[in-house]
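Notes follow once the structure below has been shown.
Each value in this text was obtained by applying a stated rule to the coordinates, not by laboratory testing. Worth saying up front: this structure is predicted, and the values here are computed from it rather than measured. In this analysis, Cβ positions are derived from the backbone assuming ideal geometry, glycine residues included, and neighbour counts consider all displayed protein chains.
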2 protein chains.
Amino acid sequence: MSIMEDTLPTEGPGPKILLGEPVQRGYSYLYEGFVIYEEGGEQALMVFENPFWGRVLFINGTAQFTSRDEFIYHEALVHIPAQALPEGRLRRVLICGGGDYGAAREVLKYPEVEEVIIADIDPRVPEVVRRYFPQLLPENPEDPRLKLFTVDAFKLVKEMVERGETFDLIIIDSTDPDVSVTEHTLELSHSLFGEEFHSLLKRLAPEGLIVQQAATPFTMKNILGSSYRVFRKVYGPETYCYRANIPSFGGDNAFVLRSPLDPTVRRRKGLPETRYYTPELQAASFVLPRFWLTEVLHD
Amino acid sequence: MSIMEDTLPTEGPGPKILLGEPVQRGYSYLYEGFVIYEEGGEQALMVFENPFWGRVLFINGTAQFTSRDEFIYHEALVHIPAQALPEGRLRRVLICGGGDYGAAREVLKYPEVEEVIIADIDPRVPEVVRRYFPQLLPENPEDPRLKLFTVDAFKLVKEMVERGETFDLIIIDSTDPDVSVTEHTLELSHSLFGEEFHSLLKRLAPEGLIVQQAATPFTMKNILGSSYRVFRKVYGPETYCYRANIPSFGGDNAFVLRSPLDPTVRRRKGLPETRYYTPELQAASFVLPRFWLTEVLHD
């Protein structure tokens, strides 16, 4: 990872405001605090400071993570798949999105990892994190195993397939698709949820694990349901779903996983230091409420 | 259960408003909708109608349940303990609080249950539910096995101990204590969380299960922590903690359980119709995030 120049505009905090984040029809989260960074563009970014959550990164008006509970999201995203792999099987990791470094931070805790590639389309996300969320950086921010590319992950994946590259673990750590649909554009992450993308990933990880964050189904049912259907179509019976509760997200967040091995079994002996993950959570995370099974995940 | 007269004032819905529910410092839930019932008194009650959550019962400004996700709370509260008991062991059930009928509705799904006693201090809660939340009523609203007493549960429990009564399952389904502390009063539920109350319950259920809802620790750490310490003191190693995610509560809700049998094992063969509970959730519900163990539940 090269030392990046910080090209963000320098601003002081604005006045104290009340910021509403629409969650559902007639239901919002209301945060009191300060906008400490804000910039438009293809993705509108904002860093907000709140007395309870700490700092919150908003993308297109939707909270992506808070400094108070991001550890739950990133540990669930990484350690559930990583711990299902036997020792020595986690060498090359691709993170699609994930420019906030949080997933990479967790992956790099495994000494056997040789290379982690982050492919994020927005160069400002890593810059914002380096300035405002240093806790998300890897223990060694200059870890030579980490490569950050500012690129559309879809495009990079296509090139990697042509070059015959392979990965042990692919993590799709993106914004929710279809949530902030403006008049003319889909959310940038839209293509990372489709069948074409996953058909490419299957070639990139013929024996590997592929995990996708799939939002909170209680408030956004369609994302988990459609993501699960794509996985079933592309990966067949190697498709699994697990969950973790990230309090700032409201309901349980869903993760869809392709795994050739039964991922409810922990195969690794070592475990890095964690604050959310325990070995007992490996199996328990895959146990879903009945209504997820009957009302969301049915084919 | 006697047919209750509906003594509530009759009101039409008021104007559409934005209602904020403070959750933490600088963090609130914001609901758009209509107040369709509101009354002060020792406990301030309000029924609010919202396009996403449906109807929401507020007590002292805090949402108690919504018609959209109350099924998760009530099924987790009842079926986790009930399914740990072998067939034939669930005859007499006491519900402290629970005037909303939701817990009783779930308990009465077991045909072997002979008697369910609800002890709620506020006579308006059952009335409000009968008028505005009929879904919370038992399948047979006039089920002769159900007895509703308007009484301070602490007082009733004392009398029952003196009479030598015993129960198979005691459910403490109350408001969170200490949350709405006004200048002169504690929350009415305060006494139901203390050592004295639980010492009485132990005599009332010498072989039985005792479950207490203990709020959402991520935003209200002290309730689970102090409730768990009281259980450990009174019930020793028969103390357990499990969780369920009720999306309108934000983070996972905690339940503290006293069980002489290992409650992670499901002993019952039959299972009533459920929308949240599955047999696989019996063990999984007791698997807690590491930070609950290290930062909340330590003695």
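General remarks:
- Computed over the stretch B:17-66, the Cα gyration tensor eigenvalues convert (square root of 5λ each) into semi-axes of 16, 15, 9 Å, ordered from largest to smallest.
- Note on A:46-55: average number of Cβ atoms from other chains within 10 Å of each residue's Cβ is 2.
- Computed helical MRE - 222 nm, chain A, DSSP H runs ≥ 4 contributing -39500 (n - 2.57), nearest 500: -7500 deg cm²/dmol
- Karplus-derived HN-Hα couplings along the stretch A:35-43 (A = 6.51, B = -1.76, C = 1.60, θ = phi - 60°), whole Hz, x at Gly and Pro: 6, 10, 7, 7, 7, x, x, 4, 10
- Here is how far apart the residue A:114 label points are across copies: 7.0 nm, shortest first, using a point 7 Å from Cα toward Cβ.
- Each other copy holds its own label point for residue A:232; taking that point as 7 Å from Cα along Cα to Cβ, the gaps run 4.5 nm, nearest first.
- Averaging over all projection directions, the Cα-based convex hull of the stretch B:200-299 occupies 7.0 nm² in the image plane.
- Across all directions, the shadow cast by the convex hull of the protein assembly as shown built on its C-alpha atoms averages 27.9 square nanometres.
- Amide H partners (placed H, <5 Å) of residue B:27, local residues excluded: A:32
- Averaged over the residues of peptide A:245-254, the number of Cβ atoms from other protein chains lying within 10 Å of each residue's Cβ is 5.
- Note on residue B:191 and residue A:147: their simple-model spin labels are 7.0 nm apart, each label 7 Å out from Cα toward Cβ.
- Estimated translational D of the stretch A:79-205 in µm²/s (Stokes, Kirkwood radius over Cα pairs; 37 °C; 0.692 mPa s): 216 µm²/s
- Rg/Rh for the stretch A:1-133 stands at 1.01; both radii use Cα atoms, and Rh follows the Kirkwood definition.
- Take the Cα radius of gyration of chain A and divide it by 2.2 N^0.38 Å, N being the number of residues; the result is 0.95.
- The stretch B:42-65 and the stretch A:239-299 have Cα centres spaced 32 Å apart.
- Overall Cα dimensions of the stretch A:33-106, principal axis frame, Å, largest first: 45, 29, 15
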